[in-house]
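J.: Questions regarding the structure given below will be posed in turn.
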Amino acid sequence: MQQGIDAQIGGLHQEQDELVLRSAPMLRMMSLEYAPLLADLYWTRTVQYYGSKNTRPEHQLDLLWPLLDITTTLDPNLIPAYSFGSTFLAEPAPRGAGMPEQAIKFLNRGIRANPDYWRFYEDMGFIYYFDMRNYEKASNAFLEGSKNPAALPWMKVLAARVSEKGESRETSVFLWNEIYNSSTDAQLKQNALTHLRLLRAQEDCERLDVLAEEFGKRRGRRPTSVLDLVNAGLIPGEAVDPLGFVYVFDADGFAQINPTSPLAKDQTLYQRPM
Amino acid sequence: MTRVGVVAWNTFREAVRDRVLYNLVFFALLMIAAAILVGQISIEIEQTVIVTLGLSAISVIGLLMAVFIGVGLVSKEMDKRTLYALLSKPVRRWEFLLGKFGGLLLTLTVNTAAMAAGLFAALWYVKHPLDRGDSAVLVAVYFILLKLALVVALALLFSCYTSPLLAILFTAGLYVAGLFVNEMRDLQSATMAPGMKAFLRWLSYLLPNFRNFDVMASAAHGRAIPGMLLAQNTAYAALYCAIVLAAAATIFSRRNLK
Amino acid sequence: MAGTAIEIENLTKDYPFGFLHLKKKRSLEGLTMTVEDGEVFGFLGPNGAGKSTTIKLLMSLIFPTAGTARILGKPISDIGMHRDIGYLPEQPYFYDYLTAAELLDYFARFFDLKATERRERVGRMLKKVGLETAGKIQLRKYSKGMLQRVGLAQAILHDPKVVILDEPMSGLDPLGRREVRDIILELKREGRTILFSTHILSDAEMLCDRVGVIVGGKLRGVGAPDEIVGVKAHGMEILFEYAGEGAQASGLLSQATRTGNRYRLQVEEEKLYATLEQLRGAGARILSVTQVKASLEEYFMHLVEADRAQAAAVEVHGK
């Protein structure tokens, strides 16, 4: 019965959501001089909305943009909102809203309101690089951000590297690391961490594939498991992914993440659309 | 003590003996404590939440006091006829009015200071050394006080010639209208007649501009507030109050008591 | 100027009422009178006659439509003059969160008295009005009679030359009224001028040097209580018993007021003995003979009736 009630109330809240998120300027007007307080409340709501995405069908994030819009209309200086918001707006479904252009626009709004905060350029460069694969624009963003005297020196370095090489694992790892270290939001950190682990696993698998190639040359067949490589003296011990699960080889002899590892699930979720 | 001071002190004493005020201040302090908890939800904005929630509580409670007690300052004395004996003393009607204003302002200052102390305590609790940016919070509290002074003056004015209920409505209405004065001034509308626009522009200067005192965003994000604004707002509030109180005194001086 | 404490000239007050305040009710018309130094002057009149209106005008609580007034030679608009006058409002009410002592101290502060002097005065006043023990109790706990006494205390606290009291006896029990009367007499002995309003005629008769009678917003007469009633026929009242039916006395009987077998009959002084003869002859038993003095009450009622009749006539003819 309680579940029945919960379902009903859940339905009502959905409606409420639709009703309340009418228009950002109107809410701003209605908030009289208490807009920053309301912004904080909407921000909290936004964070919870994102955090509860798994409870909604298809991890739906339709309301993410409206909530962010309202939050930053009410308080344009609420910096965490822009970082968090742009990241999860840009990330493709199911882990984000899959709206990278909107995320860029959003970041531009953030920059206009907070011209001194150089990290928005970092976020922007990141989205261009990672979600939109536009390396020229990414480089430009990093360059623009590096002009701020408070910006960290790597911004300039990154601008050059991305312009030159486009996407590279080194760059990706660096960026995700930067986000992980500089972010204070738990969800952002977790997101970055997962990306880092997957990149690590990817790297590991590539190296394992090289070794498998070598194994194939020696034994005439590709390895079936990591033990094969150990026995062949190619690696000192069992190769494990960042969560401690042994890698496996698929039918074609290519290294994969162990299906029992949580990373395997992450991999499907975090797969980037081609 | 001057006669104005005598009336002011008595008004303050009346407020101090009123239980309701203690409850309100206690409620505000409760809100501020709650803010600490709310801030825990989202660590990044913990400070922001404490400041916005705290300032909002101080502002709202201050406004409630200013409007409701402000309107009652004169109307209560007229209804209950406590005014009769008082005016038989050698005290002029404007002295009485000014004293009432001063007394309530003193009350509001004390209450606001108490609530602000709570706010700073909460802020100190979450981030031990307070830095320069936090002076913005102090300025924000001061601006709230200036705002309250204006509201009290308006409440006093209306209560001198309308019923308490209408006085409350008018005062509250002016508070809300006063927040949109800037929009009124630069109205962008293709459909509105130029005469109407000009009228609204003129009106926007007449109405009290409460937006002047809105620095919650700056305080929430630790941005210092320029001293010039402090001086200007103080002058504006003083001038506006003086005009409103003068009008109130004029009206009240001619009023036939029941 | 010396000798006149209060001068009122042509004082008039209209109250607007009705839709858009277009109509006017004249609650006081052309009042002209004086109150001399050191006298006790009573303002008499039924409720709504204009007594309170006059007093409120004098105290600048309301403002005249026309006319002027001066107290102690100064215009009523001179608030500084309030230093020398004391006022007790009708049905007084004071700040209920204060104690009597605090209230008196508060009012005393308006007279530039030093703290020690204030304390002494407040104590003395409380004693004078019989509130010594209740001085520290909050006024919200006071009875009506006690409030009246506090009112008196605050009116005389500052040693005023003129004391104006609006219905000072209202709401008091006989003991309280006696006390107020005594205080008024004491004030008079101290050389102060007292103006008070009342609708209780006996109080006025007892206390006042002069009275002014106001009915329907107009001053009907001013003078000493016995003078004002005018030269009215004094008569004699015969109280007698009569059980019989003698035709001789029937004429007299019809003029008398009857209660059972007792009759009261009023006759002019000259006709007293003739009437007595007549009654005795008819067999009546004479019980008493007393002198009838015209009373203030009669005068009063007479005025009220006349006023009502006039108002009714105006209504009928004025349309």
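The values are calculated or read from the model by the stated rules, or taken from the named source; none is laboratory data. No experiment lies behind these values; they were computed from the predicted model shown. Counting neighbours? That spans all protein chains shown, and the Cβs are built from the backbone with ideal geometry, glycine included.
J.: Residues that are among the aromatic types (Phe, Trp, Tyr): list the helices (runs of 4 or more DSSP H) wholly contained in the stretch B:73-169 that include at least 2 such residues.
T.: Where helices (runs of 4 or more DSSP H) fall fully within the stretch B:73-169 and carry at least 2 residues being among the aromatic types (Phe, Trp, Tyr), they are B:93-126, B:135-159.
J.: Among the listed residues B:63, B:55, which satisfies the condition of being under 11 Å from the mean Cα position of the chain (by Cα) and within 12 Å of chain A (Cβ to nearest Cβ)?
T.: Values: B:55 fails: under 11 Å from the mean Cα position of the chain (by Cα).
Checking each option against the conditions leaves just B:63.
J.: All but one of (1) without any contact (Cβ under 8 Å) to a residue 60 or more places away in the chain; (2) among the hydroxyl-bearing types (Ser, Thr, Tyr); (3) under 22 Å from residue B:210 (Cα atoms); (4) within 14 Å of another protein chain (Cβ to nearest Cβ) hold for residue B:82; state the number of the condition that does not hold.
T.: (3)
J.: Something else about it: In the stretch C:155-179, what residues are more than 16 Å from the chain's Cα centre (by Cα) and either touching a residue at least 60 places away in the same chain (Cβ under 8 Å) or in a loop (DSSP other than H, G, I, E, B) (or both)?
T.: Listed by number, the residues that qualify are C:155, C:156, C:157, C:158, C:159, C:160, C:161, C:162, C:173.
J.: Further question: Select, from C:287, C:303, C:253, the only residue that is at pLDDT 75 or above, touching a Phe, Trp or Tyr at 6+ places or on another chain (Cβ under 9 Å) and part of a helix (DSSP H, G or I).
T.: Numbers: C:287 fails: part of a helix (DSSP H, G or I); C:303 fails: touching a Phe, Trp or Tyr at 6+ places or on another chain (Cβ under 9 Å).
The match here is C:253.
J.: Check off (1) of a type in the set (Gly, Ala, Ser); (2) within 14 Å of chain B (Cβ to nearest Cβ); (3) in contact (Cβ under 8 Å) with a residue 24 or more places away in the chain for residue C:60 and give me the number that stays unchecked.
T.: Tallying (1) of a type in the set (Gly, Ala, Ser); (2) within 14 Å of chain B (Cβ to nearest Cβ); (3) in contact (Cβ under 8 Å) with a residue 24 or more places away in the chain, residue C:60 fails exactly one: (3).
J.: Right, here's the next one. Look through C:137, C:156 and report the one residue that is assigned by TED's automatic domain parsing to the domain that holds residue C:41 and crowded, with 19+ Cβ neighbours inside 10 Å.
T.: Working: C:137 fails: crowded, with 19+ Cβ neighbours inside 10 Å.
C:156 is the lone residue from the list that is assigned by TED's automatic domain parsing to the domain that holds residue C:41 and crowded, with 19+ Cβ neighbours inside 10 Å.
For (1) more than 20 Å from residue B:139 (Cα to Cα); (2) within 17 Å of the chain's Cα centre (by Cα), each residue gets a yes or a no:
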residue	(1), (2)
B:170	yes, yes
B:176	yes, yes
B:182	yes, no
B:201	yes, no
B:228	no, no
B:238	no, yes
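Residue-wise test of (1) of a type in the set (Ser, Thr, Tyr); (2) over 26 Å from residue C:169 (Cα atoms); (3) crowded, with 23+ Cβ neighbours inside 10 Å.
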| position | (1), (2), (3) |
| --- | --- |
| C:12 | yes, yes, no |
| C:20 | no, yes, no |
| C:28 | no, no, yes |
| C:45 | no, no, yes |
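J.: Identify the single condition in (1) within 24 Å of residue C:26 (Cα to Cα); (2) within 11 Å of chain B (Cβ to nearest Cβ) that residue C:81 does not satisfy, given that it satisfies every other one.
T.: (1)
J.: Please specify each residue of the stretch B:1-11 satisfying the condition of being surrounded by fewer than 18 Cβ atoms within 10 Å (Cβ to Cβ) and assigned to a helix (DSSP H, G or I).
T.: B:5, B:9
J.: Here are the criteria: (1) touching a residue at least 60 places away in the same chain (Cβ under 8 Å); (2) farther than 12 Å from residue A:44 by Cβ. Tell me which single one residue B:34 does not satisfy.
T.: (1)
J.: List the number of the failed condition for residue C:182; all other conditions in (1) more than 16 Å from the chain's Cα centre (by Cα); (2) surrounded by fewer than 17 Cβ atoms within 10 Å (Cβ to Cβ) hold.
T.: Here residue C:182 meets the rest and fails (1).
J.: Would you call residue A:170 crowded, with 16+ Cβ neighbours inside 10 Å and of a type in the set (D, E, K, R)?
T.: Numbers: crowded, with 16+ Cβ neighbours inside 10 Å: no; of a type in the set (D, E, K, R): yes.
Considered against the rule, which asks whether it is crowded, with 16+ Cβ neighbours inside 10 Å and of a type in the set (D, E, K, R), residue A:170 comes out as no.
J.: Which residues, counting only those in the stretch B:175-206, are under 23 Å from residue A:27 (Cβ atoms), aliphatic (A, V, I, L, M) and away from every other protein chain (no Cβ under 13 Å)?
T.: B:187
J.: Identify, by number, the condition in (1) touching a helix residue (DSSP H, G or I) at 6+ places or on another chain (Cβ under 8 Å); (2) farther than 16 Å from residue C:237 by Cβ that residue C:263 doesn't meet.
T.: Failed condition: (2).
J.: Restricting to strands (runs of 3 or more DSSP E) lying wholly in the stretch C:12-84: which have 2 or more residues that are among the hydroxyl-bearing types (Ser, Thr, Tyr)? Before you say what the answer is, go through the steps one by one.
T.: Working: elements: C:23-36, C:40-44, C:66-71.
Because the criterion is at least 2 residues that are among the hydroxyl-bearing types (Ser, Thr, Tyr), the strands (runs of 3 or more DSSP E) in the stretch C:12-84 that meet it are C:23-36.
Conditions (1) facing chain B (nearest Cβ under 8 Å); (2) without any contact (Cβ under 8 Å) to a residue 12 or more places away in the chain, marked per residue:
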residue: C:85; (1), (2): yes, no
residue: C:89; (1), (2): yes, no
residue: C:92; (1), (2): yes, no
residue: C:99; (1), (2): no, no
residue: C:107; (1), (2): yes, no
residue: C:111; (1), (2): yes, no
residue: C:115; (1), (2): no, yes
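J.: Further question on the same structure: Where residues in the stretch A:25-75 are surrounded by fewer than 16 Cβ atoms within 10 Å (Cβ to Cβ) and under 18 Å from the mean Cα position of the chain (by Cα), which of them is farthest from the other protein chains (Cβ to nearest Cβ)?
T.: Among those residues, the one meeting the criterion is A:58.
J.: Can residue C:88 be described as buried (at least 19 other Cβ atoms within 10 Å of the Cβ) and touching a strand residue (DSSP E or B) at 6+ places or on another chain (Cβ under 6 Å)? Let's see the steps before the verdict.
T.: Numbers: buried (at least 19 other Cβ atoms within 10 Å of the Cβ): yes; touching a strand residue (DSSP E or B) at 6+ places or on another chain (Cβ under 6 Å): yes.
Yes, satisfied.
J.: Hey, another quick one. Collect the residues in the stretch C:206-226 that are more than 15 Å from residue C:196 (Cβ to Cβ) and either under 10 Å from the mean Cα position of the chain (by Cα) or not in a strand (DSSP E or B) (or both), keeping them in residue-number order.
T.: C:216, C:217, C:224, C:226
The rows are residues; the columns are (1) surrounded by fewer than 19 Cβ atoms within 10 Å (Cβ to Cβ); (2) at pLDDT below 90.
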residue: A:131; (1), (2): no, yes
residue: A:141; (1), (2): no, no
residue: A:152; (1), (2): yes, yes
residue: A:163; (1), (2): yes, yes
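J.: Any residue that is surrounded by fewer than 21 Cβ atoms within 10 Å (Cβ to Cβ), assigned to a helix (DSSP H, G or I) and within 14 Å of another protein chain (Cβ to nearest Cβ) - is there at least one of those in the stretch A:104-111?
T.: For the stretch A:104-111, residues surrounded by fewer than 21 Cβ atoms within 10 Å (Cβ to Cβ), assigned to a helix (DSSP H, G or I) and within 14 Å of another protein chain (Cβ to nearest Cβ): absent.
J.: Could you please give the count of residues in the stretch A:202-242 that are small (Gly, Ala, Ser) and assigned to a strand (DSSP E or B)?
T.: Narrowing the stretch A:202-242 to residues small (Gly, Ala, Ser): A:212, A:216, A:220, A:225, A:232-233, A:237, A:239.
Among the residues that remain, those that are also assigned to a strand (DSSP E or B) are: A:225.
Of the residues in the stretch A:202-242, 1 are small (Gly, Ala, Ser) and assigned to a strand (DSSP E or B).
J.: Could you tell me whether the stretch A:77-91 includes any residue that is away from chain B (no Cβ under 14 Å), at pLDDT below 90 and either assigned to a loop (DSSP other than H, G, I, E, B) or surrounded by 21 or more Cβ atoms within 10 Å (Cβ to Cβ) (or both)? Walk me through how you get there before you give the answer.
T.: Residues of the stretch A:77-91 away from chain B (no Cβ under 14 Å): A:86, A:88-91.
This time we only want the ones that are at pLDDT below 90, so: A:91.
From the residues that got through so far, the ones that are either assigned to a loop (DSSP other than H, G, I, E, B) or surrounded by 21 or more Cβ atoms within 10 Å (Cβ to Cβ) (or both) too are A:91.
Checking the stretch A:77-91: at least one residue is away from chain B (no Cβ under 14 Å), at pLDDT below 90 and either assigned to a loop (DSSP other than H, G, I, E, B) or surrounded by 21 or more Cβ atoms within 10 Å (Cβ to Cβ) (or both).
Each row is one residue, and each column tells you yes or no for (1) surrounded by 14 or more Cβ atoms within 10 Å (Cβ to Cβ); (2) under 28 Å from residue A:79 (Cβ atoms).
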position: B:170; (1), (2): yes, no
position: B:184; (1), (2): yes, no
position: B:188; (1), (2): no, no
position: B:214; (1), (2): yes, yes
position: B:222; (1), (2): yes, yes
position: B:226; (1), (2): no, yes
